[in-house]
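Structure first, commentary second.
The values are calculated or read from the model by the stated rules, or taken from the named source; none is laboratory data. From a predicted model like this one, the values you see are computed outputs, not experimental measurements. Here the Cβ positions follow ideal geometry from the backbone for every residue, glycine too, while neighbour counts run over all protein chains shown. For the accessible areas, the whole protein counts, side chains as well, though only heavy atoms, and no ligand, DNA or RNA atoms are used. Shrake-Rupley method; radii C 1.70, N 1.55, O 1.52, S 1.80 Å.
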Amino acid sequence: MTIRFLFDYISPNAYLAWTQLPALAVKYGCDVEPVPVLFAGLLADGVGLSGHALVAAAESAESKSRLRAQTDAAIARGVFGVPTMEVRDELFWGYDDFPQLELVLAGEEPPVDGAAWRQWSPPPASAERRRR
């Protein structure tokens, strides 16, 4: 099983997630596929990468094109923040979603299927604003 780790180098939450994700992947025999969807080299040195090298590489047309394609694909999948982890088409947002991610990796909680999820959304409005 593969965990797609969608992240932004500038996100402190992505850094926190990365400090825990490899151990979780090893525990459940998963591979981690890091996928940058937005680019900023500001925190790259803090996670063991060369910020200067990343910025230089990001300036190439190929890198910009790949980053745009990955970001567009993430948006199309419904990703609206980073970090996001994807396992078997199930999205997990943020470091605080690790308990649910671990349940799925352990096989203790099946991903919610689309039909079951749609019965709960959208929730009814609790208030409505008058329009003038």
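Whether any residue in the stretch 30-41 is crowded, with 16+ Cβ neighbours inside 10 Å, aromatic (Phe, Trp, Tyr) and modelled with pLDDT of 80 or more is what I want to check. No, the stretch 30-41 contains no residue that is crowded, with 16+ Cβ neighbours inside 10 Å, aromatic (Phe, Trp, Tyr) and modelled with pLDDT of 80 or more. Checked against (1) modelled with pLDDT of 70 or more; (2) assigned to a helix (DSSP H, G or I), Glu86 passes all but condition (2). Which residues, counting only those in the stretch 75-108, are in contact with an Asp or Glu (Cβ under 9 Å, 6 or more places away or on another chain) and either over 19 Å from Leu16 (Cα atoms) or open to solvent by 30 Å² or more (accessible area, probe 1.4 Å) (or both)? Arg77, Val82, Gln100, Glu102, Leu103, Val104, Glu108 - these are the residues of the stretch 75-108 that are in contact with an Asp or Glu (Cβ under 9 Å, 6 or more places away or on another chain) and either over 19 Å from Leu16 (Cα atoms) or open to solvent by 30 Å² or more (accessible area, probe 1.4 Å) (or both). Figure legend. Inter-residue proximity from the stretch 1-25: first residues buried (at least 17 other Cβ atoms within 10 Å of the Cβ) and of a type in the set (Gly, Ala, Ser), second residues modelled with pLDDT under 90 and part of a strand (DSSP E or B), beta-carbon distance below 8 Å, spacing 6+ or different chains. Indicated pairs: Ala14/Phe7; Ala14/Asp8; Ala17/Phe7; Ala17/Met85. Scanning the stretch 64-80 for residues that are under 17 Å from Glu33 (Cα atoms) and not hydrophobic (A, V, I, L, M, F, W, C) yields a total of 4. Within the stretch 59-101, the residues that satisfy the criterion of being hydroxyl-bearing (Ser, Thr, Tyr) and in contact with a Leu (Cβ under 8 Å, 6 or more places away or on another chain) are Thr71, Thr84, Tyr95. Of Ala44, Ala69, all but one fail to be open to solvent by less than 60 Å² (accessible area, probe 1.4 Å) and either modelled with pLDDT under 75 or of a type in the set (Lys, Arg) (or both); the exception is Ala44.
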